[in-house]
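Enquirer: Right, I'll just put the structure down here and ask away after.
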Amino acid sequence: METLLNPSKTPNLFIPKTHLFKLSFLHSNFNPQPHSSYSRRPLSITITCKVKTSEGRKNDGKNISKKIVLTDSAPELSNEEIKAKPKGGGKTWGVIKKFPKRVLAILSNLPLAIGEMFTVAGLMALGTAIDQGESPEYYFQKYPEENPIFGFFTWRWVLTLGFDHMFSSPVFLGTLILLGTSLMACTYTTQIPLVKVARRWSFLQSADSIRKQEFSDTLPQASVSDLGVILMGAGYEVFSSSLPFQVTANTNIESYLNSYKHGHHVFLKGPSLYAFKGLAGRFAPIGVHLAMLLIMAGGTLSATGSFRGSVTVPQGLNFVMGDVLGPTGFLSTPTEAFNTEVHVNKFYMDYYDSGEVSQFHTDLSLFDMNGKEVMRKTLSVNDPLRYGGITIYQTDWSFSALQILKDGEGPFNLAMAPLTINGDKKLFGTFLPVGDTDSSNVKGISMLARDLQSIVLYDKQGKFAGVRRPNSRLPIEIDGTKIVIVDAIGSSGLDLKTDPGVPAVYAGFGALMLTTCISYLSHAQIWALQDGTTVIVGGKTNRAKAEFPDEMNRLLDQVPEIVESSISKKPDNIGG
Amino acid sequence: MIFSTLEHILTHISFSVVSIVITIHFLTLFLLVDEVVGLYDSSEKGMIVTFFCITGLLVTRWIYSGHFPLSDLYESLIFLSWGFSLIHMVSYLKFKKRKNNLSAITAPSAIFTQGFATSGLLTKMHQSAILAPALQSQWLMMHVSMMVLGYAALLCGSLLSVALLVITFRKAIKIIGENNNLSFSLGKIQYMNERSNVLLNTYFISYKNYYRYQLTQQLDRWSYRIISLGFIFLTIGILSGAVWANEAWGSYWNWDPKETWAFITWTVFAIYFHTRTNKNLEGVNSALVASMGFLIIWICYFGVNLLGIGLHSYGSFTLN
């Protein structure tokens, strides 16, 4: 097994010459980067010393115990930040700090954030409970003042607060913005410092502190190095210190280095071990927050910079994209592609055997300003057309006209009108006058259709006359008039839009999915100490608290018992 | 014909097996554990049989209808039941031999959802229907399966939280510990508490309380873990649904009622995670949020469908 010794790369790791058995991408994170001017040099050392010395200075008034290294909670962190200030306080930091810090502290307050989330959830629920986008009269009737819901809720509430259009109301958007700023503040003040803390790691040198962990066990007749190998096998990053060192407030980096220069052959010989797994799981919530912010930014861009429009075009006709598209916000700017002309070549439907519609198709041709065809595509539901940032969706359909032959003459185009009877959504009808068309009481043949497949015909008296399918060429004779239905011409209902926010939103979606998955990982930390022939093991984890003891017991069962207790034999054991 | 017969048979087998499993669970609950270890083991085997039956049921429907069997409420309920038995299986295989509290949640959940799906309420839906144009997409599989798996896991997790609340708050409830010999009534403890100057009694109380504490802690941790898992599924489900909506409906977010309620569910469980970051709010408070989430999932899952409002009812594009 190769050990990697790179003291040059780890000057700020505080315990140099420890051995990284696996150099994963996470490890590269361990090399502190000069990210902020204030914290580079003095802060890190200060904090470390405090952390390391906590065991020796328990009676210190400032109760910065070892918990700081390990804890999840924010308050202690900000404590550290404050303490670090006088040593490394740069001017820029001081300026930023004064007023915004108070605001930040308020915004990153957890109960506030929880309250905001509850408010958003409640408003959304209210938005689905109140019918959206109706006329004021509707709300006057539905929420009358004489009979208020819950004794107070009337139309005045709905209209004043804009709950008739909840999802664009100032109240809702304001809460979302507040939530967004809380998200940013929390990420900045709580989560980022958490990374700084989590990246530090330390050996625990006292058996007591190890026993105080959430999980602890004592292995008689065992060695730390065996445990290290087993932990490595279980996917842990294992670090070991070869010499027992007592860290005090006065200990500095040089003395560490000196003490380690003598330990050349230090392969797992140390009496102390630190191992961890799933560190990414501790950092992932930051990613979740950033992804949420990205989605929010993308959503804002979508809301302010889009164009939308819908159009119903009969088969064979044209429209220009720019005529249909209307801006949704002040950032909406038209592009060259808006001049494109769209021609509907054909609109048709697929049917199931039962006669129900299975799919809608529209064959479109796109022409640029010079009349050149630039694109041709048959779109359908779930398969939109995309051209120059504009997307065309198949969303609706309508019956445009019926082409018929009357007594062999024609063809005539009869416009079909949508009929709304008994809430019927799709019913179209037309009327063919028969006989004297100038008389005041015109009678004729009625034709009704639900889809483009079959036309139902009624005679002058309104009695059912028959059903014909277009293209069948089968004539039908009603009241002495011979009618052939040549074709049923549909209109395609198209939605057009441009949305500059989509790339950002999709990037946010991807990041959110990934970071949510990584957040499931539990950051487990294990400490072990060789005490004679006994190994004291302690560990904790931040998420998988239920499974962790099981996993630990399973791993510790694998640690071989050393019959002839002799430390020198151990390297052989590992080799074999 | 053969398909519907097969479907019928599989439904009945899985239903009866889960009933037997639940009976065994009750037996193990009220009898001494030691005597029924074999019985418990057979109940686990029963769940595995159930799992394969429901899998067979879904596959049959898939072949029969030609599309992924998640296009209506009946199929999604069967899938939810499948999700429960899957969670049961995974937890069983992962923690062999050790009886965990999860099986007490998953098995009844599976039987209730399946019972509801096959009951007379939804008989009209048994016929596998045609697929509306908007549903004809590869996203159907991803979006709906993730959502329903998410619901299954979140329901399990929040039920564990509800159990925690019940144990914490109900006065007269009997505590079901790892060992049923330890069953005792809280009232008795309170009575003893009043005269707890007797050392033996205090010892006894703390001993019992320790078990009670351990049980609530276990419930808390398990519910957290399972809700985390369900949250992942829910997130992926919502986001894949948004991408699909951008393909089919023209926008990735339409504030459609179902969409909105899914987002409310997501927000509530996000709140749950945030309450857990604070030590003071952990435990009972987060369990309260989770049990709120339990209700919201049902509103999201059923309420919106029963009302038949919004884009998720597919009324706007069909010809009925």
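The values are calculated or read from the model by the stated rules, or taken from the named source; none is laboratory data. All figures in this text were calculated on a predicted structure; none of them were measured in a lab. Note that we place each Cβ from the backbone using ideal geometry, even for glycine, and neighbour counts take in every protein chain shown.
Enquirer: Quickly run through the stretch B:223-243 and pick out the residues that are more than 12 Å from A:Thr516 (Cβ to Cβ) and either over 26 Å from the mean Cα position of the chain (by Cα) or more than 8 Å from every other protein chain (Cβ to nearest Cβ) (or both).
Expert: Restricting attention to the stretch B:223-243, the residues satisfying the condition of being more than 12 Å from A:Thr516 (Cβ to Cβ) are B:223-227, B:240-243.
B:Ser223, B:Ile226, B:Ile227, B:Ser240, B:Gly241, B:Val243 - these are the residues of the stretch B:223-243 that are more than 12 Å from A:Thr516 (Cβ to Cβ) and either over 26 Å from the mean Cα position of the chain (by Cα) or more than 8 Å from every other protein chain (Cβ to nearest Cβ) (or both).
Enquirer: Among the strands (runs of 3 or more DSSP E) lying completely within the stretch A:447-487, list those that include at least 2 residues that are closer than 13 Å to A:Leu405 by Cα.
Expert: Details: elements: A:455-458, A:464-468, A:476-478.
Per the criteria, A:476-478.
Enquirer: What single numbered condition from (1) away from chain B (no Cβ under 14 Å); (2) within 22 Å of B:Pro133 (Cα to Cα); (3) surrounded by fewer than 20 Cβ atoms within 10 Å (Cβ to Cβ) fails to hold for A:Ser400?
Expert: (3)
Enquirer: Quick one: in the stretch B:254-275, of everything that is over 21 Å from the mean Cα position of the chain (by Cα) and more than 7 Å from every other protein chain (Cβ to nearest Cβ), which residue is nearest to A:Leu126 (Cα to Cα)?
Expert: So the residue we want is B:Asp256.
One line per residue, one yes/no per condition, for (1) within 22 Å of A:Trp397 (Cβ to Cβ); (2) within 14 Å of chain B (Cβ to nearest Cβ); (3) crowded, with 19+ Cβ neighbours inside 10 Å:
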residue	(1), (2), (3)
A:Met447	yes, no, yes
A:Ser454	yes, yes, no
A:Lys463	no, no, no
A:Arg468	yes, no, yes
A:Asp479	no, no, no
A:Ile483	no, no, yes
A:Gly490	yes, yes, yes
A:Leu494	yes, yes, yes
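Enquirer: Now for a separate question. So B:Ala287 clears everything in (1) at the interface with chain A (Cβ under 9 Å from one of its Cβ atoms); (2) in contact with a helix residue (DSSP H, G or I) (Cβ under 9 Å, 6 or more places away or on another chain) except one condition, right? Which one?
Expert: Answer for B:Ala287: the failing condition is (1).
Enquirer: Looking at (1) within 14 Å of chain B (Cβ to nearest Cβ); (2) surrounded by 15 or more Cβ atoms within 10 Å (Cβ to Cβ), find the lone condition where A:Arg386 falls short.
Expert: Only one criterion in (1) within 14 Å of chain B (Cβ to nearest Cβ); (2) surrounded by 15 or more Cβ atoms within 10 Å (Cβ to Cβ) is unmet by A:Arg386, namely (2).
Enquirer: Another question, then. Output the number of the condition that A:Pro144 fails; it satisfies all remaining conditions of (1) in contact with a helix residue (DSSP H, G or I) (Cβ under 9 Å, 6 or more places away or on another chain); (2) surrounded by 14 or more Cβ atoms within 10 Å (Cβ to Cβ); (3) at pLDDT below 85.
Expert: The single condition A:Pro144 does not satisfy is (2).
Enquirer: Restricting attention to the stretch A:171-190, does a residue exist that is assigned to a loop (DSSP other than H, G, I, E, B), assigned by TED's automatic domain parsing to the domain that holds A:Ala125 and either under 23 Å from the mean Cα position of the chain (by Cα) or not aliphatic (A, V, I, L, M) (or both)?
Expert: Going residue by residue through the stretch A:171-190, those that are assigned to a loop (DSSP other than H, G, I, E, B) are none.
No - not one qualifying residue is present in the stretch A:171-190.
Enquirer: Yes or no: the stretch A:362-381 includes at least one residue that is within 14 Å of chain B (Cβ to nearest Cβ), closer than 24 Å to A:Gly326 by Cα, of a type outside the set (Ser, Thr, Tyr) and not in a strand (DSSP E or B).
Expert: Yes - at least one qualifying residue is present in the stretch A:362-381.
Enquirer: Within the stretch B:118-140, take every residue that is more than 14 Å from chain A (Cβ to nearest Cβ) and either in a loop (DSSP other than H, G, I, E, B) or at pLDDT 75 or above (or both) and give me the one that is surrounded by the most Cβ atoms within 10 Å (Cβ to Cβ). Spell out how you get there, then give the answer.
Expert: Step one: list which residues in the stretch B:118-140 are more than 14 Å from chain A (Cβ to nearest Cβ), which gives B:118-126.
Now narrow it down to the ones that are either in a loop (DSSP other than H, G, I, E, B) or at pLDDT 75 or above (or both): B:119, B:126.
Details: B:Ser119: 9, B:His126: 17.
Among them, the one singled out is B:His126.
Enquirer: Restricting attention to helices (runs of 4 or more DSSP H) lying wholly within the stretch A:192-286, give those where 3 or more residues are outside the structural domain of A:Asp557 (by TED's automatic domain parsing) and at pLDDT below 85.
Expert: Values: elements: A:192-199, A:207-211, A:224-233, A:253-261.
Of the helices (runs of 4 or more DSSP H) lying wholly inside the stretch A:192-286, those with at least 3 residues that are outside the structural domain of A:Asp557 (by TED's automatic domain parsing) and at pLDDT below 85 span A:192-199.
Enquirer: Taking A:Gln132 as meeting all but one of (1) within 14 Å of chain B (Cβ to nearest Cβ); (2) not in a loop (DSSP other than H, G, I, E, B), write down the number of the exception.
Expert: With respect to (1) within 14 Å of chain B (Cβ to nearest Cβ); (2) not in a loop (DSSP other than H, G, I, E, B), A:Gln132 is out only on (2).
Enquirer: Considering (1) surrounded by fewer than 16 Cβ atoms within 10 Å (Cβ to Cβ); (2) under 30 Å from A:Pro470 (Cα atoms); (3) modelled with pLDDT under 90, say which one A:Phe330 fails and leave the rest.
Expert: Only one criterion in (1) surrounded by fewer than 16 Cβ atoms within 10 Å (Cβ to Cβ); (2) under 30 Å from A:Pro470 (Cα atoms); (3) modelled with pLDDT under 90 is unmet by A:Phe330, namely (2).
Conditions (1) assigned to a loop (DSSP other than H, G, I, E, B); (2) facing chain B (nearest Cβ under 10 Å); (3) surrounded by fewer than 20 Cβ atoms within 10 Å (Cβ to Cβ), marked per residue:
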position	(1), (2), (3)
A:Gln525	no, no, no
A:Leu529	no, no, no
A:Lys540	no, no, yes
A:Arg543	yes, yes, no
A:Ala546	yes, yes, no
